[in-house]
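Student: Once you've had a glance at the structure underneath, I'll fire off some questions.
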Amino acid sequence: MSDHKTTTRLDLFIDRMVSQRACLDAAIAQTKGRNEPVFELGLGNGRTFHHMRERIHDRDVYVFERALGSHPDSAPAEHLTILGDVRDTLPAARDRFPDGASLIHADLGGHNREKNDAFARMISPLIKPLLALGGLMVSSDRMYFDAFEEQPLPEGAVPGRCFIYRRAG
């Protein structure tokens, strides 16, 4: 028998979920009491949206998604749903939300790291003007912000499985 332990896909998934919850909970606590809304970029099954909706009571949580397909219990209200390609909806959101968002969450969630990285490079400049001064961005993948400060991970988060960025201000 070998002492070599491999990291399975299940291990990676669990690390990502545990890290995502720890980072979201820390970011929610740190942005509590702010007036700006919260943005969820991509709904997927709706697990993280449902988590944020249950924990954020002082701000609206807007979902940006191409098309809704989440579990019915995790579907956002129509007035909190912004449908379309993020390359169009994020730039358009600057006029609708001039003060930006207090918290932005993105779980790129794909299984292809190269595609996720290319998407992160494309979307980072679209997110940058939407994060309010002092706001936080939580992402499952490394993002590319020149003016945001990467934050230390909270207890329970696994390095490399989730990232937190702060817009100084």
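Student: Can you name every residue in the stretch 49-106 that is among the acidic types (Asp, Glu), farther than 24 Å from residue 166 by Cα and in contact (Cβ under 8 Å) with a residue 24 or more places away in the chain?
Tutor: Of everything in the stretch 49-106, just one residue is among the acidic types (Asp, Glu), farther than 24 Å from residue 166 by Cα and in contact (Cβ under 8 Å) with a residue 24 or more places away in the chain, namely 73.
Student: Follow-up. Which of (1) at pLDDT 95 or above; (2) touching a Lys or Arg at 6+ places or on another chain (Cβ under 8 Å); (3) not polar (S, T, N, Q) is the odd one out, the single condition residue 143 does not satisfy?
Tutor: Failing condition for residue 143: (2).
Student: Collect the residues in the stretch 77-132 that are hydroxyl-bearing (Ser, Thr, Tyr), under 13 Å from the mean Cα position of the chain (by Cα) and farther than 21 Å from residue 47 by Cα, keeping them in residue-number order.
Tutor: Taking the stretch 77-132 first, the residues hydroxyl-bearing (Ser, Thr, Tyr) are 81, 89, 102, 124.
Retained after the next criterion (residues that are under 13 Å from the mean Cα position of the chain (by Cα)): 102, 124.
Listed by number, the list holds a single entry, 124.
The values are calculated or read from the model by the stated rules, or taken from the named source; none is laboratory data. The model shown is predicted, which means the values in this text are computed figures rather than measured ones. Cβ atoms come from the backbone with ideal geometry, glycine included; neighbour counts cover every protein chain shown.
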